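Presented below is the structure to which this report refers.
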Amino acid sequence: APFGLGQKTTVWARTLPLAQQLVESGHTVTIVIPPWDTPADSGRSWLDGGVRIINVALRGGLLLVLWRMMRTLTRLRPDIVHIVKPRAHAGLVQWLLWQRRRLRGKGPLILLDVDDWEQAWAEVNNYPPLVARFLAWQEEWGIRHADGITAASHWLVERAMAYAPATPLCYLPNAVTPPNNIAPADFRSADFASADITSTQRAGAQILFYSRYVEVSPEWLATFWNVLHALQPDATLVVFGDALQVGRTLQFQQAMTELAAVAATAVCWQPYRPDLVDALYRSSACAIFPSLQGPLLEAKCSVKLATTMLQGVPVVASAVGEQQYYGANGAATLVPPSATPAEFAEIVAQVLAAPKHHRRQQANALERLLQTYDRRTLGQTLAAFYQPLLEH
């Protein structure tokens, strides 16, 4: 893995659930982590759902961390090493394993899992030019030097095929875990637990927008909300999440004030807080997932979208990237990628005006997610992908 079980979602939301399903299929699975994002885990190991999690010690810097990761893999003697993201520590381990196997003529199968297009994040994360070029090289080299590839989105499948057309490839989107009670329920009744948010609540519909402030432009959001607020004057908007770029939240707030002065008073800008998530789901009339087209958003496979749908919140989403697949068959209200902010707002207004449709969408979402994206189903898909590679 490239990092630990912290705020980054890949390992705990994607890698670990799939690993647990592999254990249920009879495999022995270990996740080796350089926990630079969770330093308190340095040197610790434990079992989680039958999966052994090993956090190598961080002391001594990059080279010693890599040495410990390689030493751990040598001791485990795995049949398969499945690299999670071809970047940073994980990408370097892939390179070392490939070179060692080339020199010795033997070694484990080296598979690669891609769940994002890292090059698209270079500008967002403000990487220095040399770092951006190195990570781009790692990403492309990793795809070209793998015995098999798992990809979380159709966009990534196409990109991997372009770089490595002869490499076995498996489409493996992010899985969902069925709730204890999978019957649709009325999630609309509870009030907020947060005084900050309740101060902006109105009697009308509340719209939830999970955001990292990269999905749309500040002008897009301001125009959208100005139109929707005119159609639904008692509606409120909660923008929930933390910006990935310093100063980005302020840009959105300024655009909202300048382009939608009246509507701006009905917006709550709430930084991410885990303890507010359930209350937001219960109190929101719908959630929006607008998305501009481009590699950044087309490559990703949104855990937040799937979780929101699974919780029974009516969803309006741009038909961009994996959103069009998660939301298919009536599981979400899909908006054409070419829709203007005003057109998106009009569709949201229509959804808010048809509460009887919500129950049907909840049922469609549950059926869609639990039949197509259930973790057990996708775990079986991964196990089936491994089998011929192991027999070869």
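General observations
So that you can scan it fast, the table gives a plain yes or no per residue for (1) in contact with a helix residue (DSSP H, G or I) (Cβ under 6 Å, 6 or more places away or on another chain); (2) at pLDDT below 95:
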{"site": "Ile143", "(1), (2)": "yes, no"}
{"site": "Ala146", "(1), (2)": "no, no"}
{"site": "His154", "(1), (2)": "no, no"}
{"site": "Val157", "(1), (2)": "no, no"}
{"site": "Met161", "(1), (2)": "no, no"}
{"site": "Pro165", "(1), (2)": "no, no"}
{"site": "Cys170", "(1), (2)": "yes, no"}
{"site": "Val176", "(1), (2)": "yes, yes"}
{"site": "Asp186", "(1), (2)": "no, yes"}
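- Of all the residues in the stretch 90-141, those that are of a type in the set (A, V, I, L, M, F, W, C) and in contact with an Asp or Glu (Cβ under 7 Å, 6 or more places away or on another chain) number 4.
- Considering Ile143, Ile149, the condition of being hydrophobic (A, V, I, L, M, F, W, C) and over 19 Å from the mean Cα position of the chain (by Cα) is satisfied by Ile143 alone.
- Test: residue in the stretch 33-46 that is part of a loop (DSSP other than H, G, I, E, B), touching a strand residue (DSSP E or B) at 6+ places or on another chain (Cβ under 7 Å) and of a type in the set (Gly, Ala, Ser): yes
- All positions within the stretch 47-73 that are within 21 Å of Gly6 (Cα to Cα), outside any strand (DSSP E or B) and among the basic types (Lys, Arg): Arg59, Arg68
- Of all residues in the stretch 326-360, those satisfying the criterion of being assigned to a helix (DSSP H, G or I), surrounded by fewer than 19 Cβ atoms within 10 Å (Cβ to Cβ) and of a type outside the set (A, V, I, L, M, F, W, C) are Glu343, Glu346, Gln350, Lys356, His357, Arg359, Arg360.
- Test: residue in the stretch 68-81 that is closer than 23 Å to Val303 by Cα and either of a type outside the set (Val, Ile, Thr) or out of contact with any strand residue (DSSP E or B) (no Cβ under 7 Å at 6 or more places or on another chain) (or both): no
- Strands (runs of 3 or more DSSP E) contained entirely in the stretch 236-293, each with at least 3 residues that are assigned by TED's automatic domain parsing to the domain that holds Leu334, over 22 Å from Ala339 (Cα atoms) and among the acidic types (Asp, Glu): none
- The stretch 6-17 residues that are modelled with pLDDT under 85, paired with ones that are hydrophobic (A, V, I, L, M, F, W, C) (beta carbon under 7 Å, 6 or more apart): Thr9/Val303
- Any chance Leu370 is within 30 Å of Phe224 (Cα to Cα), among the aliphatic types (A, V, I, L, M) and surrounded by 15 or more Cβ atoms within 10 Å (Cβ to Cβ): no
The values are calculated or read from the model by the stated rules, or taken from the named source; none is laboratory data. Just so we're clear, the structure is a prediction, and the values are computed from it rather than from any experiment. Note: ideal-geometry Cβ built from the backbone for every residue, glycine included; neighbour counts use all protein chains shown.
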